[in-house]
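Read the structure below first, then the notes.
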RNA sequence: UGGGCUAUGGCCAAGCGGUUAAGGCAUCGGACUUUGACUCCGAGAUCGGUAGUUCAAAUCUACCUAGCCCAGCCA
């Protein structure tokens, strides 16, 4: 799958064609302060795929200019997620790699009279900044001499001041209608150890200053970011120009990706983890890449999903069905289709000999013969799904088992239900059925049509298994209620049932289609004698 | 109320002055079917509104409307 036409691809094509750039260089710049989620996947995939399609390259650059928020524990998780998606960065870099260079450029701006040290405290600075509709006022320190600002900045660097005591600001225009241009802070004092540079620095550059310079140092041609940076672009260009960067990168903004019923905010994700509403960042219900991976989503399904949603300058909310579709689409041909009974109901085939079990050879996937075949068992005792039986056939559309009704156990025989055995509490204990030897699958029997086909597992050879049926963490609402009141308290449903014996030696993250039940993946919790499967998505159904 | 951005079927999204306005998801019909799956057919928009420019506009212009973003020493 390739990226189809979008405005950034068009820009790149033109830039290449008219010689504006010789090669496409992009970068993915996560801040190492959180796990990546499916929303980030759009940025990752867009950056890497676009560069790849034009024979260019993409760097991974950790944007670590704020040591109070960042830490290296996220670095490895982020690397792993990107690698999982199948991308290899041309280089792995850190914003902190450029602290020296960035400091020199700050000095350069001071020397050019384009930056000054400001003594305003945060409250004062806010007052001086003005509002959206009223212009700001010049800082009283704005006209400090170049030499004084330089000395002060040196002193800032050398730890002479406490956090917040002074800042270095760009001298631009306090009356600009664009708030970003009202003398933005470009360096602030933070006395905290940095995960990479330790205590070497106590001043750190701001994003708006650091980012364009990093892009320029790396030769990034197309610096892609989200829409909210649109009105930072003029500042981005200002820094590149005033710092006289040799290479001139350009910023382009695209819309963020949201998915229906999905929490996509760092804050809520963190809160879910911190308050134990989920089992960690890799909880299979989480929209993090780690969560989706554990749930069983394939990287192909993620990449195809992102590519199929396209890209534009609109913040979009895509239906979660689209993600699910891309998983089904990916796994349909790829994966073994096997039998699992999630919510078992015991059936006794009264006319089948006690103690006899026959084995039937069945293809793993009729649409992909390369997957081979295995033997499935049939015998006197089998399990079917509870939901595949109703005492009385409710209507003509009911294509499952009922009293007096005959269905086919897929790949085996027709069975007819003759008797329901009840428990004392009135619930169904088991079904007594008879099978018809003539109806064996593959025999060509066509004298009668069964009332549908249901799946089953032979009871004496079945393997017990646990099934996690996961639902969205968020319940639909009219959008008025806050996220936590929309939390789905029944998002993790556990069922204990059985799978066919061929699954005995499954491994973590092996995917299957459990016939008629959906796509499942073997969970990390699976041990030698304990099988656990997560349902990735259900099968589509037109059953109404 | 200042500035920026956006507006194509239910949800995404192509389209860049002349096409019967791509495609995907969803939906609704129908065919096929040992998964109510898959697959296959078929159905649906005149492009936020108005007024212009033009032989011709979703594509250009103006105005209007609606939504999103910006007043961190966050990114």
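Read-outs throughout are calculated quantities, based only on the coordinates presented, and are distinct from any laboratory measurement. This one's a predicted model, so the numbers in the text were calculated from it and none came from an experiment. Cβ atoms come from the backbone with ideal geometry, glycine included; neighbour counts cover every protein chain shown.
Cβ crowding within 10 Å ranks A:128, A:204 as A:128, A:204, fewest other Cβ atoms first.
Computed over the range A:199-344, the range of Cα coordinates on each principal axis works out to 71, 35, 26 Å, biggest value leading.
Computed over the range A:336-537, the Cα gyration tensor eigenvalues convert (square root of 5λ each) into semi-axes of 31, 22, 17 Å, ordered from largest to smallest.
Quantify how much of the Cα-Cα distance distribution of the range A:291-417 extends past 16 Å, in percent. When all Cα pairs of the range A:291-417 are counted, 74 percent exceed 16 Å. Please list, by residue number, everything in the range A:231-252 whose backbone N is under 19 Å from a paramagnetic label point 7 Å out along Cα→Cβ of residue A:112. It comes to A:232-251, nothing else.
Beta bridges assigned by DSSP with both partners in the range A:7-257 are antiparallel in approximately 50 percent of cases. Volume per residue of the convex hull around the Cα atoms, evaluated for the range A:145-276, comes out as 174 Å³. Take the Cβ-Cβ distance between residue A:373 and residue A:76 as r, set R0 to 51 Å, and report the resulting FRET efficiency rounded to the nearest 0.05. The formula returns an efficiency of 0.80 here. Applying 1/(1 + (r/R0)^6) with r as the Cβ-Cβ distance of residue A:279 and residue A:312 and R0 = 30 angstrom yields a FRET efficiency of 0.25. So for the range A:323-457, averaging the separation of alpha carbon pairs under 8 Å that are six or more residues apart and normalising by length, what relative contact order in percent results? Relative contact order, the range A:323-457: 27 percent. Subtracting the Cα-Cα distance of residue A:447 and residue A:14 from their residue separation scaled by 0.36 nm leaves 149.2 nm. When the Kirkwood radius is taken over all Cα pairs of the range A:233-305, what Stokes-Einstein diffusion coefficient follows at 25 °C and 0.890 mPa s, in µm²/s? Answer from the Stokes-Einstein relation: 159 µm²/s. Among A:359, A:492, a tally of other beta-carbon atoms within 10 Å of each Cβ gives an order, fewest to most, of A:359, A:492. Averaging Cα coordinates gives a centre for the range A:27-53 and one for the range A:254-289; these two points are 17 Å apart.
The value of relative contact order for the range A:393-544, using C-alpha pairs under 8 Å at least six residues apart, is 17 percent. Remark on the range A:58-145: Rg and Dmax equal 19.2, 53 Å (Cα only). Gap in Å between the Cα centre of the range A:89-124 and the Cα centre of the range A:491-544? A separation of 53 Å, based on Cα centres. Please report, to two decimal places, log10 I(q)/I(0) for the range A:7-257 at q = 0.07, 0.08, 0.11 Å⁻¹ as given by the Debye formula with identical point scatterers on the Cα atoms and no solvent. Once normalised to I(0) and log-transformed, intensities are -0.25, -0.33, -0.62. What would the Debye formula give as log10 I(q)/I(0) at q = 0.05, 0.06, 0.10, 0.11 Å⁻¹ for the alpha-carbon point model of chain A, no solvent? The Cα Debye sum returns log10 ratios of -0.32, -0.44, -0.90, -1.01.
Given their separation in residues at 0.36 nm each and the Cα-Cα distance between them, residue A:91 and residue A:361 gain 92.1 nm when the chain is fully extended.
Each Cα pair under 8 Å and six or more residues apart adds its sequence gap; the mean of these over the residue count of chain A is a relative contact order of 11 percent. Here the range A:19-99 is described by how far its Cα atoms reach on the three principal axes: 42, 29, 17 Å, from widest to narrowest. Note on residue A:142 and residue A:264: with the Förster distance fixed at 45 Å, the Cβ-Cβ geometry gives a FRET efficiency of about 0.65. In chain A, the calculated helix contribution to ellipticity at 222 nm averages -7500 deg cm²/dmol per residue, counting -39,500 (n - 2.57) for every DSSP H run with n ≥ 4. Compute the whole-percent fraction of alpha carbon pairs in the range A:345-441 spaced more than 20 Å apart. Percentage above 20 Å: 42.
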